[in-house]
Amino acid sequence: MAKKEEASKIILERTYNIPLRRETLKAPSYRKAKKAITAIREFIGRHMKSGNVAVGKYLNLKVWEHGIKNPPHHVKVTASKDDKGKVFVELADAPKEAKADEKKKPEPKTEKPEEKIEGAKEEKAEEAKKIEKEEIRELQKEHPKHHAPRMPAMPKQQEAHPTAPKSV
């Protein structure tokens with residue numbers, strides 16, 4: 001049988017404003033965001049006295065938000081260390097994740113699956129028609145109904161060289 005994992009207790013929680021500019025300036029432009037993540041790991045490892053650092057989802061998204069070449073110059077993070085020595089770092093204003101223990105109970109099924117599928121298809125078709133109509137209206141507002149007439153194409157006329165003899 002599988003053993004139940006015991007929940008780790010948080011023994012230390014701190015907030016840091018990590019400077020990244022000096023570290024990312026050392027890296028070439030095509031590696032700056034990766035260097036920023038390693039700088040975060042080194043900074044937190046040094047300040048929280050742990051080599052086991054996990055970077056949170058929202059912090060990672062914030063660093064990579066503007067691509068690999070343009071990470072932020074500093075980030076405000078919350079670091080929490082558990083009793084096993086693992087440090088979890090997350091963006092300071094990130095939303096708190098709901099735990100798996102608080103699962104919702106599934107709703108009782110009242111409709112047949114075929115009816116649900118047919119109803120969903122009809123709803124999607126109606127929504128697609130509405131969206132298409134709105135897009136057409138927007139396009140008509142942006143563009144005038146009548147465009148300026150095109151100029152007729154002029155036939156090309158070859159000019160004889162001025163010193164060439166004229167043919168009769």
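The values are calculated or read from the model by the stated rules, or taken from the named source; none is laboratory data. All of these numbers come straight from a predicted model, not from anything done at the bench. Virtual Cβ from ideal backbone geometry, glycine too; neighbours counted across all protein chains shown.
Structure notes:
- Among the residues making up segment 29-63, those that are surrounded by fewer than 16 Cβ atoms within 10 Å (Cβ to Cβ) and outside any helix (DSSP H, G or I) are LYS49, GLY51, ASN52, ALA54.
- Some residue of segment 39-48 being at pLDDT 95 or above, of a type in the set (Lys, Arg) and more than 24 Å from the chain's Cα centre (by Cα): yes
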